[in-house]
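A short worksheet on the structure shown next.
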Amino acid sequence: MDQKILSLAAEKTADGLQEFLQTVKEDDLTDLLQNQAVKGKAAGALLKAIFKGLPCSEEAGALKRLKIYSCCIQLLESGDLQKEVASEIIGLLMLEVHRFPGQLLVELANEFVSAINEGKLTNGKSLELLPIILTALGTKKENLTFGKGELSGEECKKQLINTLCSGRWDHQYVIRLTSMFNTLTCPYLFCFILFQGSRKRVLGGIIAFFNKLDQQHNEEKSDDEYLDLVTVPLDELRHVEGTIILHIVFAIKLDFELGRELLKHLKVAAQQGDFSSICPFSIALLLSVTRIQRFEEQVFDFLKSSVIKSFKDLQLLQGSKYIQNLFPHGYCISTMILEVVNNSVHSWDHVTQGLVEFGFLLMDSYGPKRIPDGKTAETSSGLSRMPNQHACKLGADILLETFKIHEMIRQEILEQVLNRVVTRASSPISHFLDLLSDIIKYSPLVLQSCSSKVIETFDYLSFLPVQTVQGLLKAVQPLLKVSMSIRDSLILVLRKAMFASQLDARKSAVNFKVLGSLSSSQCSQSIGVSQVHVDIHSRYNSVANETFCLEIMDSLKRCLGQQADVRLMLYEGFYDVLRRNSQLANSVMQTLLSQLKQFYEPEPDVLPPLKLEACILTQGDQVSLQEPLDYLLCCIQHCLAWYKSRVVPLQQEEEEEEEGFYQYLDDMLESITNRMIKSELEDFELDKSADFSQSTGIGIKNNICASLVMGICEVLIEYNFFISNFSKTKFETILSLFMCYKKLSDILNEKSGKGKTKMASRTTDSFLSMKFVSDLLTALFRYTSIPTSVEELGKKEKGKNISLLCLEGIQKILSAVQQFYQPKCHQFLKALDATDEEEEEEVSVSQRAAFQIRQFQRSLLNLLSSQEEDFKSKEALLLATVLTSLSKLLKPISAEFVQMLTWTSKICAENSCEDASFCKGMLSLLFNLHVSYKSPVSLLRDLSQDIHGHLGDIDEDVEVEKTNNFALVNLKTAAPTVCVSNFMKPLRQVGVLPLPNTESWNLLLVSPGVSAPHRNSEKYGKTGEAVWFTSDPSMLFVYFVCTGK
């Protein structure tokens, strides 16, 4: 029969098909369709032919169609159909819905509503038809029988929706029904739901429901009652969430009380730690609500406070096992917000704007602050960041990820970042420059569409501080490699700035030309995909880039006739240029050589060897530095050393030509060195009789000359050290140069008093490189044990022996690395291990830190085992401080951490020392380790007993049993001032022990913990009046410290 139906359907007219189907019974027709659909044999073609032969214009045909629809709905819900067959059937049913008469649409819709309310649907697949049916019903203008009366099609639709919403949905239909309402575009439905009954309960239920779904998708498995919902595709879930958010916001616009209820509900949930309410869905909802002006400020304030509180809590949790045990379950709101950013890709345009505003709000509120002396506070990295810094970084991450995902909002983000860079130049803007750099690095080619805004920003370069210009132009460097228009515009602006009337403008231009264009152009290299996010499909023109670099060099040569500040920046940048662009070495070195010749005395007998007078500009009473000769020599020294070590070995073919080039500079520096040693201070007119006051022109001139001479000595010391090969002659030369430096330094200190002039701070800017200092210290302290004669000499000169100075240096280095270079701690520790070879297995930070800890543990044990009169308390305290710094690198769950805790406990328990500072340091270390590993209750109890035993009770009649849990705690070290600040810290952090006022503290005095004879006395109160003392052992220590009992 199926073949006959298909053959009749293939005819030009449908008359034959209609006549045949009129003779077929409904049950036979539905059985045929069911068999074909289950077998998957041309079910779609058969259904299409049946619809062609059953026109709705005839009542019999329409009724048979209704029967076919009911059959198809049952088939779809049975789950027996193949996915392709089911999709084809649904598509055909959707196409034919609008042909139904209005009354049959009412019946068909009622059938759906009844099945939903009664829970008869199996998988809800057929629900895709319901919105089409309701939409078709709404177009019917005639009156239709509905219940006991007659209604128009639109009114019937509303009644059906109300009936549907008044019933209780099975949880497995929720997503599909919500999708249906999205199709119907009926926000009034959500208004109806939200306006009825308890708003708090409805909002809480919606938030909790979608939070549960999100969690299940994240976990990718679940075995609870919501298991079936996990099968909902993620894209569909996100679109549904977006629709729900839109409709709730629409309802809030109609009734502001609903918005206030939402905020109240989430604030209470945040305070109570209700993680089912603070979730990505609720955050997205709040960000959408910010589009309503009345709630914008309130929502952002709540989100800001939630973010900063989350980071503060996280900081406390990371540092204390005690707090982790008290609050084992925490939530990270930053992760949730970034999840909202990722979810917003699903057409959440109503959330995107709120994300952008919130990102900038976090960066504006928690960015770096300017400290009183005018400098910007350092921003640490990694775990050492403070909550404010984490909040600022979160804002930057929000904006960066939003920029990556949403093309339409990129222009706005870029404009706002650039506007802040330009308009807030007087405030620290490093965080915005970092964000700009990340945006450009992500995809410089994408930003070519925003090139006009970037070019417009260049016009303000002359008015910005040098540091801001440096950061801005460093950030846009990737754009210069892919956009000729941006590069040309920038070069034009910088050419003008190099000869502008403002000194800062010229400094900015020179700074960029050196540190920016030249150092990053890399004229001999091509751009790889590692330098830009997207592939560049055109070959990079290295010849054109080299020409560009040489053109810049030509412009820079003309800057050598400008002010000292401009020249100084040029000298500071040339070394970086040379390291990155070896092909420019000849041009750079020739430029430096020509500049040095202007101040060099070529005659070997002339003293001094340099024309210092030519370095100083005198205009009437005004005296200023014209040529920073010390910086010029420093630049030459570094460039020459690099050139000889890197370039010369690779240029064997041109050895003769190149040898004369660098040998000439070597000879000049050698000659300057020899003649500087022979020169006396009188040759520079800088003896003790010279005027060094800052109030006269002569005094200012002499200060400038002294600064130049001292800087030149430092440069020559480093130069001779690296070419010395540890020869005795060269080291004598170095000592002679140092003595010249020291004589002049002593004169300046004597003349200027104790740092009252600018010169005092000027001399602190040393020209000695970190490599020189490192190599020199390594050479000086190669021996494993310091000779007694050296120790005594150091103590006589500086009041501190060499060991103490070394320990101070180690302690400061460890602090600096952990504070400013946290991500590089592993490299630092690896470099410390001189015996370290390339291991096959990666050694963890904890293992490397433990290796260093063991060295200092041995040193401390040696000190503690010495005689009492030989005990060196300062060294012991420094060792304790070093151990504290290193212990912060251990993971609390590692075996190395447990060993450190065990060792520290043993030291505190078995070693007695009357030095209060050392005792405080060791007990602080013990307590910090203990708190990070487990609850400090037992430790507090033991310490409290020891302290109480040594200090005694305020009531002389009370006998105190002395304990000896920790030998470090004795009569001299048991004073409360030694320990209270450290031990109360974790208690304050969790709010367990806010410092009480006098009235509340009096309650602690009534305690059943006193001895039995006093329990019912007038002084101590009745038994049982207070249980604080004995019920909470963690408070014993505080009780003893504050009351003496």
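Odds and ends about this structure:
- Separation of the alpha carbons by more than 22 angstrom is noted, of LYS264/LYS404; LYS441/LYS474; LYS321/LYS888; LYS872/LYS962; LYS678/LYS743; LYS369/LYS481, for LYS264/LYS404; LYS872/LYS962; LYS369/LYS481.
- Using heavy atoms of the protein chains and a probe of 1.4 Å, the accessible area assigned to THR335 is about 80 Å².
- For GLU685, GLU241, GLU401, the ranking by accessible surface with the largest value first comes to GLU685, GLU401, GLU241, using a 1.4 Å probe.
- Relative contact order for region 560-644, counting Cα pairs under 8 Å that sit 6 or more residues apart, in percent: 37
- Peptide ranges 608-620, 890-902 listed from the most packed, as the mean C-beta count within 10 angstrom indicates: 890-902, 608-620
- For ASN35, net neighbour charge (Lys/Arg +1, Asp/Glu -1) across residues whose Cβ lies under 13 Å away: -3
- Binned Cα-Cα distance frequencies in region 233-308 - 5 Å width, integer %: 3, 15, 26, 25, 17, 10, 3, 0
- Surface accessible to a 1.4 Å probe, ARG579 within the full protein complex, Å²: 110
- With every protein chain in place, region 584-727: carbon and sulfur % of accessible area (1.4 Å): 47
- Accessible heavy-atom area order of LEU735, LEU607, LEU436, highest first, probe of 1.4 Å: LEU735, LEU607, LEU436
- Shape call, region 376-502: gyration tensor on alpha carbons, a/c limit 1.5: oblate
- 10 Å-binned pair-distance histogram of region 872-964 (Cα, whole percent): 15, 42, 30, 11, 2
- A 1.4 Å probe, protein heavy atoms only, puts the accessible area of TRP169 near 70 Å².
The values are calculated or read from the model by the stated rules, or taken from the named source; none is laboratory data. These numbers come from a predicted model, not from an experiment. Counting neighbours? That spans all protein chains shown, and the Cβs are built from the backbone with ideal geometry, glycine included. Please note that ligands, DNA and RNA were not included when accessible areas were found on the heavy atoms of the full protein model with its side chains. Shrake-Rupley method; radii C 1.70, N 1.55, O 1.52, S 1.80 Å.
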